[in-house]
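Reviewing the structure listed below.
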Amino acid sequence: TNQPTHITTNNEMVSKASTTVVLLVTLLFCCGAHAKEWKVIAPSLGSILMGVSFTDPQTGYVSGSSSQGSLLLQTTNGGANWTNHASGSAMFMTVSSESTKVSAAAGMSLLNGNVDHYTQDGENWFASEQRMIFTACLDSESLGNGVFHFYGQFTSPTKKCDGMAVSTNGGRNSTLVSYSARTSVRYGSFVSPQVGYIAGGSWPETTASSKRLRGQGARLLSARLLLDQSGVVHAVHALDDLEERTDIDPAWELWKNVIQKTTDGGATWTTVVNETSVAGLGGYYPNGLSFVDENNGWSAQEGNAASGEMHARIQHTSDGGLTWDTQYNCVDCSLFRVVMADAKFGFAVGGIRASYGFDPLILNTQDGGETWNVDDGELTKLYVNNVAILSNGDAYATAFTPYQTSSVLAFN
């Protein structure tokens, strides 16, 4: 597969001794009795798969949609077989599990009934009791004891919210909690029901161009991914791929990257990242966010350089967002998620630019991001959009293909 053009950072200027230790750890991890590797376990499972959550190597969910309707697909045999528990036409873009019995899902829906669903027996799914007029939710997580967070934009009959929907009863209903920044919420990561972070932002796009896309029944999931009216995701290498954009006022061409922190469940927020830049000067917006405790967190971001090149990076904080260092930076690539299992081990996923769209970009770290290694094996023609990690180090991922389908991957 293609390889991203990597930009050296200060964190990579380690001594020979440190490098040797890292290599030995990597060899021990990769070359044991059973070397784990990424492979496709379910090709062409649906048109769009973006949610993934596993509770053990046998049991898990992926979610999305297909031409036949909504998808909440469950496996109980490690991906050999899948059962769809969804009906209707809503797009389930995220699913999270507390256990094999308790899970919740959300996604994208407009005047289409509730896209927020839950199960408490692992088989029967129900629409949440909190009615929504509009939902655009890319991300969710289980915090245990029936607490689920959903991150995005929500409109109920009584409230419009950019922030999160908080459920304390397994997804049966939720309370809308707004964050204080004036940018669209994309992802979140909480380490307890009270303490967590939300990332919001945007890429250069005028109101007029956004309305034109919506008039065509399409919308941008990111600056790299376009969802068309038929529910198919296409790669976008540059915003100019979409239109001539002759009407754009440069003042509107802004990259926005905002991360806010709360220590009281969203009652108050503190801004820890606030970056805004004009498109012609280059900039970033946030994708996935992963904190393992109140201080240590990682943010996957992408954008453009002033020259127009596609860039993506992973940033890390060890002081609760007060300062951030760039651990990984690449050109002609896209990063959609970073997920850490603990303070040392995790994955970041996305794609590398190719003539047919993207090849997979899967990065692995075993030292908290001091080093990120490309770990996608022989996989090709995939854009990896999400990843879930088990306590034993196994992982599962969802990915778009260039063929208007999506696949499920496993690292085991």
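A short reminder: the numbers here are calculations on the coordinates, not readings from a lab. Please read these numbers as outputs of a predicted model, since none were measured by experiment. Backbone-built Cβ (ideal geometry, glycine too); neighbour counts: all protein chains shown.
Structural remarks
- Cα shape, the range 348-412, gyration tensor, a/c 1.5 rule: oblate
- Gain upon complete extension [residue 133, residue 331; 0.36 nm per residue less C-alpha separation]: 67.3 nm
- Taking the centroid of alpha carbons for each part, the range 120-136 and the range 30-96 are 19 Å apart.
- Segment residue 270-residue 391, length gained on full extension (0.36 nm per residue, minus Cα span): 40.4 nm
- Rounded, prolate or oblate (a/c below 1.5 giving rounded, otherwise prolate when a/b exceeds b/c) for the range 260-412 by Cα gyration tensor: oblate
- Each residue of the range 386-393 is assigned a 3J(HN,Hα), and the resulting list reads 7, 8, 10, 10, 8, 5, 8, x Hz, derived from the Karplus form 6.51 cos²θ - 1.76 cosθ + 1.60 (θ = phi - 60°), x at Gly and Pro.
- For the range 52-66, backbone phi angles converted through the Karplus equation (6.51, -1.76, 1.60; θ = phi - 60°) give residue-by-residue couplings of 8, 7, 10, 9, 7, x, 9, 10, x, 10, 10, 9, x, 7, 9 Hz, Gly and Pro being listed as x.
- Packing-based order for 164-173, 373-382, 147-156, using average beta carbon neighbours within 10 Å, highest first: 147-156, 164-173, 373-382
- Close amide H pairs (under 5 Å, H built 1.01 Å from N) link residue 361 with 350, 351, 352, 384, residues at least 5 positions away or on another chain.
- Cα gyration tensor shape for the range 78-165, rounded if a/c is under 1.5, else prolate or oblate: prolate
- Cβ-Cβ FRET estimate between residue 175 and residue 355, R0 fixed at 51 Å, reported to 0.05: 0.60
- Net dipole in debye of the range 285-400 [+1 Lys, Arg Cβ; -1 Asp, Glu Cβ; about Cα centre; nearest 20]: 340
- Amide H contacts under 5 Å for residue 175, placed H, 5+ residues apart: 166, 167
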